[in-house]
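In what follows, a single structure is set out as structure tokens and then discussed.
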Amino acid sequence: MSRLICLCLMLVVCLVAVSESKPQEPNKEHVAEMANECKAETGATDEDLELMMKHEPSENKEGKCLRACMMKKFQITEEDGKLNIEHTLGMLKVMAEHAEDKDEVLAEIVDACAASEVPEDHCESAAAYQTCIFEHMQEHGIPLREEH
């Protein structure tokens with residue numbers, strides 16, 4: 001759970017940086033509350049949380065829905081389940097190693113994944129977007145930062 005909160009904090013920092021000129025310290029209690037809400041809403045287990053934190057695909061509906069819930073809460077996806085390009089790009093800039101040198105490539109990755117065909121089911125589409133993004137990052141040799 002603490003790894004999920006760490007990732008959530010990174011996402012909040014990213015979203016604040018994208019949406020405001022002066023980033024503010026995220027509220028840890030609020031982040032933990034959202035993670036717990038998503039876990040409760042989806043019926044996800046601690047194992048589902050661990051898989052998400054390791055960026056490994058989930059085989060069950062609860063794990064996929066956990067990803068969808070967190071992505072919506074952090075505005076990575078819109079209410080219709082589609083990627084929010086600006087926030088997704090901001091998240092990748094926080095998560096990617098040496099991102100400052102990769103702005104153009106990261107933008108291409110987000111655009112490609114946003115344009116990809118994904119299932120209408122929001123849980124399935126969240127899993128598909130995550131897979132798309134991480135596969136493209138791997139193809140371009142862009143690792144995630146160690147703290148993830």
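Tabulated data
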item: Residue in the stretch 7-18 that is within 17 Å of Pro143 (Cα to Cα), open to solvent by 40 Å² or more (accessible area, probe 1.4 Å), under 12 Å from the mean Cα position of the chain (by Cα) and modelled with pLDDT under 85 present; result: yes
item: Enumerated helices (runs of 4 or more DSSP H) restricted to the stretch 24-103, each holding at least 2 residues that are under 19 Å from Leu144 (Cα atoms); result: 46-53, 61-73, 85-95
item: Residues that are of a type in the set (D, E, K, R), free of Cβ contacts under 8 Å to residues at least 24 places away in the same chain and surrounded by fewer than 16 Cβ atoms within 10 Å (Cβ to Cβ), drawn from the stretch 31-61; result: Glu33, Glu47, Lys54, Glu56, Glu59
item: Candidate set from the stretch 109-148 (those that are touching a strand residue (DSSP E or B) at 6+ places or on another chain (Cβ under 8 Å) and in a loop (DSSP other than H, G, I, E, B)); member that is least open to solvent (accessible area, probe 1.4 Å); result: Ile142
item: Residue tally, condition open to solvent by 30 Å² or more (accessible area, probe 1.4 Å) and either within 18 Å of Ala127 (Cβ to Cβ) or touching a His at 6+ places or on another chain (Cβ under 6 Å) (or both), over the stretch 80-108; result: 3
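The values are calculated or read from the model by the stated rules, or taken from the named source; none is laboratory data. Not measured: the values here are computed from a predicted model. Here Cβ is always computed from backbone atoms with ideal geometry, including for glycine, and neighbour counts include all displayed protein chains. For the accessible areas, the whole protein counts, side chains as well, though only heavy atoms, and no ligand, DNA or RNA atoms are used. Shrake-Rupley method; radii C 1.70, N 1.55, O 1.52, S 1.80 Å.
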